[in-house]
1. For Arg126, indicate whether it is touching a strand residue (DSSP E or B) at 6+ places or on another chain (Cβ under 7 Å) and without any contact (Cβ under 8 Å) to a residue 24 or more places away in the chain.
2. Which one of Asp152, Asp200, Asp108 is touching a residue at least 24 places away in the same chain (Cβ under 8 Å), acidic (Asp, Glu) and surrounded by fewer than 17 Cβ atoms within 10 Å (Cβ to Cβ)?
3. So which of Thr195, Thr179 ends up being farther than 24 Å from Val62 by Cα and polar (S, T, N, Q)?
4. Might you check whether a residue that is out of contact with any helix residue (DSSP H, G or I) (no Cβ under 9 Å at 6 or more places or on another chain) and modelled with pLDDT of 95 or more occurs anywhere in segment 185-192?
5. Only strands (runs of 3 or more DSSP E) wholly contained in segment 97-182 count here; list those with 1 or more residues that are in contact with a helix residue (DSSP H, G or I) (Cβ under 7 Å, 6 or more places away or on another chain) and either modelled with pLDDT under 95 or on the phi > 0 side of the Ramachandran plot (or both).
6. Just checking, how many residues over segment 67-89 are surrounded by 15 or more Cβ atoms within 10 Å (Cβ to Cβ), within 17 Å of Ser189 (Cα to Cα) and free of Cβ contacts under 8 Å to residues at least 60 places away in the same chain?
Amino acid sequence: MNAKNWLLAPLLIGLCACVSQGGALQLDTGTVRLPPTGDMNVAIDSIPTTTSVSIDPPPDIVKQLRRDFIADDNYYHECMVAPKNCDVTRISAPNSPQRADLTRRVRDYSVANIQASKGSGVALVRIDSLSIIDANNAIVNTCSYNSIVMVDAGATPSPLDDIIFNDTIASYLSAWMLTLDNGVWKIHSWTTSMTKFNVDQCGFPKP
């Protein structure tokens, strides 16, 4: 199948760590962990274990989608550590809801000195499935867990005068719409289908 024909049908890639679907090939490649930002433990648990497709897509686009989504998520957490240094254009699609939301959030956090407290928790994300809609649009479904504390950093660099702004612990099932922008997959928008507080619904290994 040539590159044009595969774009005519959605590409669905199911990623499941433990169940074989329809006899599809299972490849356990384990966990990809990103280096922490400062003292903060930020990790991506991306487990591309089961691939079930009915078409023959160019393999590079699947790898790039996964790689770019991981990079987008990692940079988002860097933005939360230092909102004033955040370049929202790196991870959000032009003229998108995500660009507007992230721009507003970074601006408000910068003015109020709100930031993620280093070493306060973890941000874990598992990619459950990828759906490439066409040459410029895709969906990534994830399960995530976040226990990082957001603080009002106060007037000094010392954490001693930090005031807790948000210490909610929660896990989410989310769907992310990504758009290809100058050869890079960036977040266009996202929705959450299930949120659970003070519990890890994703089943990440305990530290």
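1. Spelling it out, it is not the case that Arg126 is touching a strand residue (DSSP E or B) at 6+ places or on another chain (Cβ under 7 Å) and without any contact (Cβ under 8 Å) to a residue 24 or more places away in the chain.
2. That would be Asp152, the only listed residue that is touching a residue at least 24 places away in the same chain (Cβ under 8 Å), acidic (Asp, Glu) and surrounded by fewer than 17 Cβ atoms within 10 Å (Cβ to Cβ).
3. Thr195
4. Filtering segment 185-192 down to residues out of contact with any helix residue (DSSP H, G or I) (no Cβ under 9 Å at 6 or more places or on another chain) leaves 191-192.
Now narrow it down to the ones that are modelled with pLDDT of 95 or more: 191-192.
Yes: one or more hits.
5. Counting at least 1 such residues, we get 114-116, 122-134, 150-152.
6. 7
The values are calculated or read from the model by the stated rules, or taken from the named source; none is laboratory data. It should be emphasised that the depicted structure is a prediction, and the values quoted were computed from it without experimental measurement. As a convention, Cβ positions derive from the backbone with ideal geometry for all residues, glycine included, and neighbour counts pool all protein chains shown.
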